[in-house]
Every structure is written in structure tokens, then in C-alpha cells.
Amino acid sequence: MLKRPANNDTTGLAVYPGRPHSLHLASLTLPPLGPRDVSVKVRRVGVCGTDREIIEGKFGTPPPGSTELVLGHEVLGIVDAVGGDVSTISPGDLVSATVRRPDTCPSCLAGQPDMCQSLDYTERGIIGLHGFMADRFVDQVDFIVPVPASLEATAVLLEPLSVVEKAVRQAGLIQRRMAAWHPKTAVVLGAGPIGILGTFLLRSRGLDVFTLARTPAPTPASALVTACGATYVSIRETPFRELASALPNIDVILEATGHGPLAFDAMDLLGNSGVLVWLSIIGGDDQSPLPFASILRGHVLGNKVTVGSVNSGLEDFTAGVADLATFERLWPGLTESMITHRLTLDEASHIGEAVIGSVKTVIEFV
């Protein structure tokens, strides 16, 4: 059990970035409430692979003047106070919050920090700003996302859902190049939370979805995938190339594995006039050989597009709120069942282990 500091404004789960496994409970003094600020009492925070890598010391940047970084970028909370100029949100409202904060590049100034050009942004719980894994936080109302009370059980999943919302939105924007595009078949690479939520989203829009992962069924992830009407495929049993040869034209691929060979296989196996969206990055210096001729020929002759997508904007969070309600209507209780591990803040020293083997771990604050 981690020791709680005394006489603090709020307690947060923090690390010393770059120092592996330095989890501890930190005392934070919250800033005074400004006229456009919102104070939020945290209800629960999701734990993801990014948090685990920060815990392992692989990356993470503390705020200026601090040696500590409070974790957490997937949050659900209840508003407990608002500034004098805030009229759209009231105490008692359920809310989430976006993650990235803008710099001064043209995209950020235009209201799209998720499309930042200079990469000097900050991110709550990741780069240069404390995260949400604390009893309370204060943020500007522009970054606060209202959530209906009916979604209390699932809205902690809003941030990872927003990532795939952006990916699918970007695919649609790209395909405006075509006079007629009616996608029918999609492949999702990876059955972690991003892959599962991407599967739900594409299924809710009527596509036939094939979700690929290493582990053969049955698994908790395979059960979630099949429950929404998608097809779960273990690449240990059916390699991607073998599957693709049996499918119709693959119109959309969402890649969420961080596995280089599979990500580049996707470029080769994408169908004509299709869109591949990469949502992960590869660590290290992968030198895997690639079928350059086939990839280039297919993209040129088949009018294919491969695009990278990272983070998400306020519009994607807003779309995610609507789609969480859609998921519940289509598959009652399914989205909440993604949450397989629940910890208290006092048990949070175990979050590194809990992430491994879970579908989604959350820390409960109230």
C-alpha cells in the first residue's frame, strides 16, 4: 500500500519520470479557480499501456518546476465548482476532459491541438502537465466534456473511444475524394481497448468487422468482439495474409498493435480505394524487410491511402458520448464489461501488473 501524504489539497498517483517503478502518492496544491475554470472531483480513471510505459520509465515529462508527474488521462468526474464566467456546466454535472493542450502553431490556434504541427503541445498525465489520477483537478471549461448521467458506468472509456472516433472521422474525410464510397468490410488489428472500441464503432455503423489478435479464443477480448457481431481471428491460427485472401475488398483497416510486420502487412493487404489508419507506433529500431514493390504498386494502382492518427479533438469526445449511448442501445451492458479490474487509490501500486492481462483497469476514487 502506498502512503498518503498529509495536509494536501489533493492526492495524486505520481512517478518520477525516467525512474522505473517510482510510483508514489503525491501532494498537490491546486490552482485557484479562475473565471473560466472548472473544479472536478474525480470518480474514476482508466489505466492504459501509456501509463504502464511511463511507470516503467520509458517516457513522460513532469510539469515545469516539478520532478513528479501525476498519471492518468482517461477520466470521469463530477463538477464541484465553476468559475464566474462558466455557464455551460454546473456543479453536480458528470464530465470528462480532453488530454492535449495547445501550443501556438497554426493548427492549435485554429482549435485543433490534435493536429499540432510543431509538436510543442502538452498533455495531461503524459507531457508537461499533471494528469487526472488524483482526488480532484482544475481545468479550463474549453477542455471539459459534459457526460449524461446515463453513461456513468462507461464514460471512463471516452478518451480511448475518442481516439478511434478520430481515426474513423479522418478516414471519412479522406474518402470525400471519391464520388461514391460505401465501406462494407473492415479489419481491426489488435484487441486491446482501442481495438475493441474500434470494433464496436465500426460494427455500430454496419460494417463487417474482423478483429485480429495473437491469442486464440476464448479470451475476455474475443468474447467482447464476438458479442457485438464481429469476427475474432487469432493470427496464430489464421495469418493475416491468409484471412485477407478469403475476404472481400478490405475497405478500412485500423492498426492498433505497434507490431511493425503486421502494420506494414496492412499496407499491402488493404483493398482498392481503401484507407488504413495507423494508431500505434513501434518502439526501438525495427529493421524488418518490407514488400516495397507490392505496397507501392498497390497504393498507386489501387488508389489506397495510409494515414497516421494520434490523440483526438473535442469533436471526437463529443461523438464518443453519442456513440457510447449507441453501444448501450445495441448491446446492453457490453461496453461496461470491458472494465475487468477495479482498484482503489490505496491499491494503485499494483496498476502495472493489473494492466497486464486485463481488458481495462480503472482506479475508483469514490
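All of the numbers you see were taken from the coordinates with simple rules; none came from a lab. Fair warning: this is a prediction, and the values are worked out from it, not measured in the lab. Glycine gets a Cβ as well: all are built from the backbone with ideal geometry, and neighbour counts include every protein chain shown.
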I'd like the distance between the alpha-carbon centres of the range 317-349 and the range 152-171, rounded to an integer number of Å.
11 Å
Name the residue, out of 79, 138, 307, whose mean-square fluctuation peaks in a Gaussian network model built on the chain with Cα pairs under 10 Å.
307
Roughly how tilted is helix 260-269, in degrees to the nearest 10 and between 0 and 90, from the longest Cα axis of the chain?
50 degrees
Using a ≥ b ≥ c from the Cα gyration tensor of the range 167-212 (square roots of the eigenvalues), is it rounded, prolate or oblate, where a/c under 1.5 gives rounded and otherwise the larger of a/b and b/c decides, a/b for prolate?
prolate
Per the C-alpha gyration tensor (a ≥ b ≥ c, the square roots of its eigenvalues), the range 30-137 is rounded if a/c is under 1.5, else prolate if a/b beats b/c, else oblate; here it's oblate
Assuming 0.36 nm per residue, please report the length gained on full extension of the stretch residue 364 to residue 294 beyond their Cα-Cα distance.
20.3 nm
If amide hydrogens are placed 1.01 Å from N in the peptide plane, which non-local residues have theirs closer than 5 Å to the one on residue 136?
11, 42
Near the amide H of residue 235, under 5 Å away, which other amide H atoms are found, from residues 5 or more places off or on another chain, if H is placed in the peptide plane?
213, 214
DSSP beta bridges in the chain: the antiparallel percent, rounded to 5, is 55 percent
Karplus (6.51, -1.76, 1.60) ³J(HN,Hα), θ = phi - 60°, over the range 37-43, in Hz, Gly and Pro reported as x
9, 10, 9, 10, 8, 6, 9
Label-reachable residues, the range 144-171, where backbone N falls under 11 Å from a point 7 Å from residue 325's Cα toward its Cβ:
147-151
Place a +1 charge on the Cβ of each Lys and Arg in the chain and a -1 charge on the Cβ of each Asp and Glu, then give the dipole magnitude about the Cα centre in debye, rounded to the nearest 20.
620 debye
What ranking, highest mean first, results for peptides 65-78, 210-223, 332-345 when packing means the other Cβ atoms within 10 Å averaged over each residue?
65-78, 210-223, 332-345
Ordering of 17-25, 259-267 by burial proxy (mean other Cβ atoms within 10 Å per residue, highest first)
259-267, 17-25
Rounded to whole angstrom, the alpha-carbon centroid of the range 218-234 lies from that of the range 5-80 at a distance of 33 Å
Intensity falloff of the range 90-235 expressed as log10 I(q)/I(0), Debye formula with alpha-carbon point scatterers, at q = 0.10, 0.14, 0.21 Å⁻¹:
-0.47, -0.88, -1.25
Computed over the chain: longest principal axis from alpha-carbon atoms vs helix 314-330 long axis, angle to nearest 10 degrees, is 70 degrees
Can you give me the Kirkwood hydrodynamic radius for the range 162-308, using every pair of distinct Cα atoms, in Å to one decimal?
15.3 Å
What are the ³J(HN,Hα) values, in whole Hz, obtained from phi via the Karplus relation 6.51 cos²θ - 1.76 cosθ + 1.60 with θ = phi - 60°, for each residue of the range 12-20 in sequence order, with x given for Gly and Pro?
x, 8, 10, 10, 9, x, x, 9, x
What are the ³J(HN,Hα) couplings of the range 69-74, residue after residue, when phi is run through the Karplus curve with 6.51, -1.76, 1.60 and θ = phi - 60°? Round to Hz, x for glycine and proline.
9, 6, 7, x, 9, 10
Can you sort 133, 115, 178 so the residue with the fewest Cβ neighbours within 10 Å comes first?
178, 115, 133
May I ask for the angle, rounded to the nearest 10°, between helix 158-174 and the longest principal axis of the chain, with both axes built from Cα atoms and the value confined to 0 to 90°?
40 degrees
Give me the tail of P(r) for the range 293-362 as a percent: Cα-Cα pairs with distance above 13 Å.
77 percent
What relative contact order, as a whole-number percentage, does the range 162-308 give when Cα pairs under 8 Å and 6 or more residues apart are counted?
21 percent
At 7 Å along the Cα-to-beta-carbon direction for both residue 118 and residue 9, put a label point, then send me their distance in nm to one decimal.
2.7 nm
Taking the chain and dividing mean pair separation by its residue count, relative contact order in percent (alpha carbons under 8 Å, at least six apart):
18 percent
Binning at 20 Å from 0, report for the chain what percent of all alpha-carbon pair distances ends up in each bin.
29, 58, 13, 0
